[in-house]
Amino acid sequence: MSNIYDEWNTIKKRIGESNHKPPFFKEGDIWWLSVGYNIGNEVYGKGVNFVRPVLVLRKFNRYLFLGVPLSSKLKVNPYYVEIRNGKKKVSALISQIRVFSSKRMSNKQGEVDEEDFQKIQKSVIGVLKLPPSTREGVVAKPIIK
């Protein structure tokens, strides 16, 4: 098992040390990203470069963006939002949202249409709306309307 972490660490060092010129990207784009091999239930990439498709949700600058990893698994779950990636149905993994460096980007895969993009935005806002009781030990449930 630790061997796979060693493989990812080697790739991560190469990506981090590269003089990568940031690609042109925008909100709504879907890119292949080297997301790595992560811990527990955190989403991870596959293949030689540990890649998976990620939707650009919010571009902060040419180097950083808020992204939502995508999965081919479809579930009825407030943290899995079904969208279209081309002709295929995929899930946006709302619970796995995070900030990514554009250095992780390899190839643009496509982009989502405006309707799906708004659906994801609405779901993210709903998930991030935490009730005030979370400090008292109550687990927050997503508020999706």
Ranked highest first by the average count of other Cβ atoms within 10 Å around their residues, in what order do 3-9, 30-36 fall?
30-36, 3-9
Taking the chain as the reference, fit the longest principal axis to its C-alpha atoms, fit the long axis of helix 2-17 to the helix C-alpha atoms, and give the angle between the two in degrees, 0 to 90, nearest 10.
80
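Subtract the Cα-Cα distance of LYS87 and LYS73 from 0.36 nm times their separation in residues, and report this length gain in nm to one decimal.
3.5 nm
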Binned Cα-Cα distance frequencies in the chain - 5 Å width, integer %:
2, 9, 18, 20, 19, 14, 10, 6, 2, 0
Folded to 0 to 90 degrees: helix 114-128 orientation relative to the chain principal axis, Cα:
70
Taking amide H positions as placed in the peptide plane 1.01 Å from N, state which residues far from ASN38 in sequence (5 or more) or on other chains have amide H under 5 Å from it.
GLY45
Would you calculate a helix-derived [θ] at 222 nm for the chain, using -39,500 (n - 2.57) for each DSSP H run of n ≥ 4 and dividing by the full residue count, to the nearest 500?
-7000 deg cm²/dmol
Mean separation of Cα contacts under 8 Å (at least 6 apart) over the residue count of the chain, i.e. the relative contact order in percent, is 22
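Bear in mind that the values in this text are calculations on the coordinates, not laboratory data. Keep in mind it's a predicted model, so treat the numbers as computed, not measured. We place every Cβ from the backbone using ideal geometry, glycine too, and count neighbours over all the protein chains shown.
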